[in-house]
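The values are calculated or read from the model by the stated rules, or taken from the named source; none is laboratory data. Remember, predicted model here, so these are calculated numbers, not experimental data. Please note: Cβ atoms are built from the backbone with ideal geometry, for glycine as well, and neighbour counts cover all protein chains shown. Just the protein is used for accessible areas: all its heavy atoms, side chains included, with ligands, DNA and RNA removed. Shrake-Rupley method; radii C 1.70, N 1.55, O 1.52, S 1.80 Å.
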Amino acid sequence: MVSLGRNFKNCLLIEHLEGQEKFAFMKGELSLTSINPAALKAKRNIERQIKVISDLGMTHLEIELDSTDAYLDFDAERRKKINELARSNGLTLSLNLPSSFANGGVCSLREEDREAATEIQKRHIQLAADIGAIHVTLPPGNIPPENRVENYREMAHSSLVNSLLELGKFASGLGLNLHLENNTAFEGICCEIDECLALVKRVREQGVPLYFNFDLGNWLTRAEFTPPPAEPESSLAPIPPDYIKEVRLSDYIPGEMILRPPLHLEWGMLKHSNLKRYARMVKIKKVETVVVETEIRSIEQALNYKDLLRNETDYLAHLFQ
């Protein structure tokens, strides 16, 4: 049985605007970008996210850590309460590790940088264990353009493998499943499925458990550089079933460079027939968890986020039932 869940990206932003700031946003005087600092409040409020997920009738919450390390200040008591709250609501949790700034150095060509980034990520993995998460996902890191070609590319791969070996052992020791996520095409590395699978294989060959969290929306950004396939959901086909526990489901609008539009509106490349086949494929591959990713793109969507999330959830629940 596939567990259908989500993370919240910027969907709950409006809840954290107050007074003049909220009024200015509703009048169009503030953009979504300008209110992004409120996102940290929204993402830190995991208790609220659990409530919203439960109200939607979903069974899984992915907690997305952003470019700050503010979550690491959650004390033992709060971590325990989040764990208990999720369990009491019948939810499983996963955690998306941060990739920005020092955290993105897991693929650094400088060993000192890689070691520092790995130590920081271990602290986030410990947080995941403390709140009772079952999966953690590591983005491939930040790789400068000059390090994405020829010999530098393999050096970056080797550095990432070393980090995955270390983090995979650490996560496994805490009872967590570590996943490698694919980048968007704009990062220029670790976007292609074969490339990511090869890295997972290198880690597994050394006896360390690792999985592949395939982010369909990230992969669809390839449409800016190469003609998209008629059935983009078929990209799941080459991924071995034993490489998958959690996957991410999101869409993309080519040309407009809009990532993660609401799936039920069918604005992007994934129409009803595509999503129906996708749902069938994840069941065949015995995927445990599908995490839906949606970002609001307008003031209207921000103000009516409850209806948007409800409509999208009902639409997908019907496909995955």
Practice problem: Just give me the residues in the stretch 170-196 being buried (at least 17 other Cβ atoms within 10 Å of the Cβ), in a helix (DSSP H, G or I) and among the charged types (D, E, K, R), in sequence order. | Solution: Glu187
Quiz item: Which ones in the stretch 262-321 are modelled with pLDDT of 95 or more and of a type in the set (Val, Ile, Thr)?
Solution: Val282, Ile284, Val287, Thr289, Val290, Val291, Val292, Thr294, Thr313
Practice problem: Would you please name the residue that is most open to solvent (accessible area, probe 1.4 Å), looking only at residues in the stretch 235-246 that are in contact with a strand residue (DSSP E or B) (Cβ under 7 Å, 6 or more places away or on another chain) and assigned to a loop (DSSP other than H, G, I, E, B)? | Solution: Lys245
Practice problem: Could you look through the stretch 199-222, keep only residues that are touching a residue at least 12 places away in the same chain (Cβ under 8 Å) and open to solvent by 30 Å² or more (accessible area, probe 1.4 Å), and pick out the one that is farthest from the chain's Cα centre (by Cα)? | Solution: Gln206
Quiz item: Can you name the residue in the stretch 247-299 that is touching a strand residue (DSSP E or B) at 6+ places or on another chain (Cβ under 9 Å) and among the polar types (S, T, N, Q) and, of all such residues, is surrounded by the fewest Cβ atoms within 10 Å (Cβ to Cβ)?
Solution: Thr289
Practice problem: Considering only the stretch 112-135, state which residues are within 19 Å of the chain's Cα centre (by Cα) and of a type in the set (D, E, K, R). | Solution: Lys122, Arg123
Quiz item: Which pairs have Cβ atoms under 9 Å, sit 6 or more apart or on different chains, and link a residue in the stretch 182-198 that is within 14 Å of Val161 (Cα to Cα) and modelled with pLDDT of 95 or more to one that is hydroxyl-bearing (Ser, Thr, Tyr) and open to solvent by 20 Å² or more (accessible area, probe 1.4 Å)?
Solution: Leu197/Tyr243
Exercise. Among the residues of the stretch 210-227, write down those that are in contact with a Cys (Cβ under 9 Å, 6 or more places away or on another chain) and assigned to a strand (DSSP E or B).
Key: Phe212
Quiz item: Considering the stretch 165-201 alone, what residues qualify as being more than 13 Å from Phe214 (Cα to Cα) and acidic (Asp, Glu)?
Solution: Glu166, Glu187
Exercise. Just one of (1) under 21 Å from the mean Cα position of the chain (by Cα); (2) charged (D, E, K, R); (3) surrounded by fewer than 17 Cβ atoms within 10 Å (Cβ to Cβ); (4) over 20 Å from Asn142 (Cβ atoms) trips up Arg44, so point out which.
Key: (3)
